[in-house]
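Asker: Below: one structure in structure tokens.
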Amino acid sequence: MPTTTAPLPLPERFPADSIQLREGLDQPTWIVRREILVDLARELTADPETGFDLLLDLCGVDYPDREERFEVVYHLASLRGGGRLRLKVPVPEDDPVLPSLIDVWKGADWFEREVYDMFGLHFEGHPNLRRILTHEAFQGHPLRKDYDPARRWILTEDKMYRPQPEPPMDAEDDMFERMTINIGPSHPAMHGTFRVVATLDGEIISASEVEIGYLHRCFEKMAETHTWQQVIPYTDRLNYCSSFINNVGYCRAVETLLNVEVPPRAVWARTILSEFSRVMDHCVCNGSSLVDSGALTNFWYLFQPREEIYGLLEACSGARLTVSYCRIGGLAADLPPDFEARCRALLETIPAFIDDVEKLIVSNRIWLDRAVGIAAIGGEEAVNWGWTGPCLRASGVDYDVRRDNPYDLYDTVDWDVPVFHGGDVHDRFRVRISEIRESLKIIRQLLDRGMPEGPFIVDDPHVALPPKEVAYNQMEAMIYHFKLIMDGIQVPPGEIYSAVEGANGELGFYVLSDGSGKPYRIKVRPPCFPIFSTFSRLINGGTISDAVVSLGGLNVIAGELER
Amino acid sequence: MIGESWVTTTFEKLEEWGRNNSFWPLPFGTACCAIEFMSVVSSHYDMARFGYEVVRFSPRQSDVMIVAGTITDKMAPVMKKIYDQMPDPKWVVSMGACACSGGFYRAYHVMQGIDELIPVDVYVPGCPPSPEGLMYGILQLKEKIERDTKKRRKREKAKRADDDGSVAAA
């Protein structure tokens, strides 16, 4: 991960004590007074060469013992210059207000609402600062350290939020009567648990409001109450369509904090299985978004390769969907003896399905009418909203974590980053189809290189469990086993932001340790969160049927969106 | 009545046979389990073999609700409403650890099992359950319905006999 190509700080313009510089483990960290935050943010985005155009993540942290209890952490990236920067803004408890950055990065909208919901901090200038993940009857702010993790509040139907999106005042008044329609949260086109309330003018959406939080499962609070190893199964259930990539993302973050070197065999397997998971995820996304536009056949065609990949994952880990196959320092178990043969068989079977789907779709008049130019967004605007991943690459921005901040074995294989320029539903589909092919290319090269010999997990009794036969026969190993099970891994104090390329964008884990044996705070940067926050902007002005088609192509996964 | 042959039956038995072999499930899928549910209905596992052919997304047209996934407190009133909208007779299959008990989310926003709010007929454990697990669950539901109708019929028969007896005694 590149440490710094960031511009030097700007001491002349800002008072000397308003910015403190720290060299972080992963990227430079600036501690900033909240008074200068907006000016600084504008300054940081200004430079056309190295400006920080992407707000990756925004989260709060609670330190009850500090004088200024809360800290809001901003993670910035510069797609133009390649730099990364972390800003930290302390906020006292008795005056929990800081300026909103929504005018600088539109993507800050939902992130700020989340911080308000979880910590009770107010963002001055935010137009719609209300709860986003928890429900209307909820009281208190759950990610504060003094909130009991199991304290529930019951929501009854009469208290449910009823959005009433108001069309803009200057909207053209025509003959049609306006009507408000509610779609979701239980609706076949809403892919799980999203809810869109739209005001219709005839068939055209003139205003809409998106409501989420119906699957908020408290991942971050759960992570704080479990040991480092116990968090791994929770990460599976973030993006459950490609759970292995989540495992890798989390384990990599903790491994960097621990400074553990993962054995080559595990790295090799992680890369291959991540790519298979990506293929699976793209199959689900493309398959279900095609169903939304009526192309049901493709759903069956795309689910079959998925089943085949399930077979491989099941052989490795014992589970089909939620694999939990990574461990901090390596893998949970050794690869099955027929791993290579299985992978080769998959490489033979998958392309035929993909080719079939492509042939059915790409020159299909009905699909083209439904998809070309629908829900289009330009590259610059998409970056400003915080987009990453295939959706961003469909808008012409060439950014992929695997290539730009390479990890595992991605910099040793030869592959391309497919980029399309339409930014619409059609190009998002095309990007995913091309990426499936690239993933298979990566896998083929790695298989040709041969499976590295050696252990599948690091040989460090403070991190990895000793093998069972040793633990049963040697006193020392048994003690290590006991300590690891009872106390968990002791991660040294520190913080890190570590990202992998998830199936729908940059999947980041911001991990804070205080050395207590449990994570102090884990913040996931869910790639689909900023993407879905754009949904109203994408569908307003289009027809209601286009809204359905555009949701499928965004690949929004509720488990990850709402955690 | 097949070709030349005849079958005699009662209307109740015919109704039960029909009901048992043509469920119209409503997938109330919220999370990971919904993805496994999709696997079960797609071609590889093909739940249609057991008469679960017609997956309906409208509660008004369905008789089995398959709750697949975590139900949060925010979702709870929605689930209740959809259950209430289903016409009788209706059954509920709770698919996966979260729907059965909250699973490993002992947390501030997660319902600790859907039976806090609606009655459940079959619990399918697993996180997520394997497709075979879900299929076993729906076959159990079939058996349960058969058992319940048999019991009901017995009860009604006994009641009738009882009524006749009391009339005779008078």
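Asker: Restrict the check to segment A:450-468 and report whether at least one residue is surrounded by fewer than 19 Cβ atoms within 10 Å (Cβ to Cβ) and of a type in the set (Gly, Ala, Ser).
Answerer: The answer is yes; a qualifying residue exists.
Asker: Ok, one more. For segment A:313-429, list the helices (runs of 4 or more DSSP H) that sit wholly inside it and hold at least 3 residues that are free of Cβ contacts under 8 Å to residues at least 12 places away in the same chain; which are they?
Answerer: Qualifying helices (runs of 4 or more DSSP H): A:339-361.
Asker: Which members of segment A:502-540 meet the condition of being under 16 Å from the mean Cα position of the chain (by Cα) and either in a loop (DSSP other than H, G, I, E, B) or surrounded by fewer than 21 Cβ atoms within 10 Å (Cβ to Cβ) (or both)?
Answerer: Filtering segment A:502-540 for residues under 16 Å from the mean Cα position of the chain (by Cα) gives A:502-511, A:522-534.
Scanning segment A:502-540 gives A:ALA503, A:ASN504, A:PRO526, A:PRO527, A:THR534.
Asker: Which is surrounded by 15 or more Cβ atoms within 10 Å (Cβ to Cβ), among the charged types (D, E, K, R) and within 14 Å of another protein chain (Cβ to nearest Cβ), of A:GLU308, A:GLU358?
Answerer: A:GLU308 is the lone residue from the list that is surrounded by 15 or more Cβ atoms within 10 Å (Cβ to Cβ), among the charged types (D, E, K, R) and within 14 Å of another protein chain (Cβ to nearest Cβ).
Asker: For segment B:21-36, give me each residue that is more than 10 Å from chain A (Cβ to nearest Cβ) and outside any loop (DSSP other than H, G, I, E, B).
Answerer: Within segment B:21-36, B:ASN21, B:PRO25 qualify.
Yes/no matrix, rows are residues, columns are (1) within 28 Å of A:PRO461 (Cβ to Cβ); (2) of a type in the set (Val, Ile, Thr):
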site	(1), (2)
A:GLN304	no, no
A:TYR310	no, no
A:VAL323	yes, yes
A:LEU335	yes, no
A:GLU340	no, no
A:ARG344	no, no
A:GLU358	no, no
A:TRP367	no, no
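Asker: For segment A:489-501, enumerate the residues that are crowded, with 19+ Cβ neighbours inside 10 Å and either touching a Cys at 6+ places or on another chain (Cβ under 9 Å) or not aliphatic (A, V, I, L, M) (or both). So that I can check it myself, show each step before the final result.
Answerer: Taking segment A:489-501 as the starting set, the residues that turn out to be crowded, with 19+ Cβ neighbours inside 10 Å are A:489, A:491, A:495-501.
Hits for segment A:489-501 are A:GLU495, A:TYR497, A:SER498, A:GLU501.
Asker: Continuing with the same structure: Could you please find all residues in segment A:279-323 being under 18 Å from A:ALA333 (Cα atoms) and either of a type in the set (S, T, N, Q) or touching a Ser or Thr at 6+ places or on another chain (Cβ under 6 Å) (or both)?
Answerer: A:SER317, A:THR322, A:VAL323
Asker: Would you mind stating whether A:GLU476 is outside the structural domain of A:ARG84 (by TED's automatic domain parsing), surrounded by fewer than 18 Cβ atoms within 10 Å (Cβ to Cβ) and at pLDDT below 90?
Answerer: Numbers: outside the structural domain of A:ARG84 (by TED's automatic domain parsing): yes; surrounded by fewer than 18 Cβ atoms within 10 Å (Cβ to Cβ): yes; at pLDDT below 90: no.
Answer is no for this residue.
Asker: If the requirement is being more than 20 Å from the chain's Cα centre (by Cα) and within 13 Å of chain B (Cβ to nearest Cβ), which of these qualifies: A:HIS226, A:HIS216? Write out each step before concluding.
Answerer: On the way: A:HIS216 fails: more than 20 Å from the chain's Cα centre (by Cα).
The unique qualifying residue is A:HIS226.
Asker: Residues to consider are A:VAL262, A:VAL267, A:VAL254; find the one that is surrounded by fewer than 21 Cβ atoms within 10 Å (Cβ to Cβ), more than 14 Å from every other protein chain (Cβ to nearest Cβ), over 14 Å from the mean Cα position of the chain (by Cα) and among the β-branched types (Val, Ile, Thr).
Answerer: A:VAL267
Asker: A further question follows. Among (1) open to solvent by less than 30 Å² (accessible area, probe 1.4 Å); (2) more than 9 Å from chain A (Cβ to nearest Cβ); (3) within 22 Å of B:GLU132 (Cα to Cα); (4) without any contact (Cβ under 8 Å) to a residue 24 or more places away in the chain, where does B:GLY18 come up short?
Answerer: Result: B:GLY18 passes all but (3).
Asker: Looking for something among the basic types (Lys, Arg) and more than 8 Å from every other protein chain (Cβ to nearest Cβ) - is there at least one such residue anywhere in segment B:37-57?
Answerer: The answer is yes; a qualifying residue exists.
Asker: A further question follows. For segment A:92-118, enumerate the residues that are among the acidic types (Asp, Glu) and under 17 Å from A:PRO526 (Cβ atoms).
Answerer: Those that are among the acidic types (Asp, Glu) and under 17 Å from A:PRO526 (Cβ atoms): A:ASP109, A:GLU112, A:GLU114, A:ASP117.
Asker: Another question, if that's okay. Among the residues that make up segment B:119-127, is at least one of them away from chain A (no Cβ under 14 Å) and crowded, with 23+ Cβ neighbours inside 10 Å?
Answerer: The answer is yes; a qualifying residue exists.
Asker: Here is a check on your reading of the model: is B:VAL7 aliphatic (A, V, I, L, M), over 15 Å from the mean Cα position of the chain (by Cα) and part of a loop (DSSP other than H, G, I, E, B)?
Answerer: So B:VAL7 passes the test.
Asker: Continuing with this model, one more query. Taking B:VAL78 as meeting all but one of (1) free of Cβ contacts under 8 Å to residues at least 24 places away in the same chain; (2) farther than 19 Å from B:PHE57 by Cβ, write down the number of the exception.
Answerer: Checking B:VAL78 against (1) free of Cβ contacts under 8 Å to residues at least 24 places away in the same chain; (2) farther than 19 Å from B:PHE57 by Cβ, the one that fails is (2).
Asker: Could you please give the count of residues in segment A:108-145 that are among the basic types (Lys, Arg) and over 22 Å from the mean Cα position of the chain (by Cα)?
Answerer: Of all residues in segment A:108-145, those among the basic types (Lys, Arg) come to A:113, A:130-131, A:144-145.
This time we only want the ones that are over 22 Å from the mean Cα position of the chain (by Cα), so: A:130, A:144-145.
Final tally of qualifying residues: 3.
Asker: Name the residue that is farthest from the other protein chains (Cβ to nearest Cβ), counting only residues in segment B:98-110 that are closer than 18 Å to B:GLY29 by Cβ and open to solvent by less than 10 Å² (accessible area, probe 1.4 Å).
Answerer: Top of the filtered list is B:ALA99.
Asker: Here's something else I'd like to know. Scan segment A:272-305 for residues that are open to solvent by 20 Å² or more (accessible area, probe 1.4 Å) and within 22 Å of the chain's Cα centre (by Cα) and report the count.
Answerer: Residues that pass the stated criteria total 0.
Asker: Okay, next question. Filtering segment B:128-157 down to residues that are under 23 Å from B:TRP17 (Cβ atoms) and over 16 Å from the mean Cα position of the chain (by Cα), which residue is farthest from the other protein chains (Cβ to nearest Cβ)?
Answerer: Selected residue: B:LYS157.
Residue by residue, here is whether (1) open to solvent by less than 10 Å² (accessible area, probe 1.4 Å); (2) in a helix (DSSP H, G or I) holds:
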{"residue": "A:PHE52", "(1), (2)": "yes, no"}
{"residue": "A:GLY60", "(1), (2)": "yes, no"}
{"residue": "A:PRO64", "(1), (2)": "no, no"}
{"residue": "A:TYR74", "(1), (2)": "yes, no"}
{"residue": "A:LEU85", "(1), (2)": "yes, no"}
{"residue": "A:ILE102", "(1), (2)": "no, no"}
{"residue": "A:TRP105", "(1), (2)": "yes, no"}
{"residue": "A:ASP109", "(1), (2)": "no, yes"}
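Asker: Another question about this same structure. Filter segment B:61-81 for residues that are within 7 Å of chain A (Cβ to nearest Cβ) and outside any loop (DSSP other than H, G, I, E, B) and give the result.
Answerer: The answer is B:THR72, B:ALA76, B:PRO77, B:VAL78, B:LYS81.
Asker: Still on this structure, I have one more. Take the residues of segment B:128-170 that are surrounded by fewer than 11 Cβ atoms within 10 Å (Cβ to Cβ) and among the small types (Gly, Ala, Ser): which is nearest to A:VAL323 (Cα to Cα)?
Answerer: Within segment B:128-170, the match that is nearest to A:VAL323 (Cα to Cα) is B:ALA158.
The values are calculated or read from the model by the stated rules, or taken from the named source; none is laboratory data. These figures come from a predicted structure and were not determined experimentally. Backbone-built Cβ (ideal geometry, glycine too); neighbour counts: all protein chains shown. Surface areas here come from the heavy atoms of the whole protein model, side chains and all, with no ligands, DNA or RNA. Shrake-Rupley method; radii C 1.70, N 1.55, O 1.52, S 1.80 Å.
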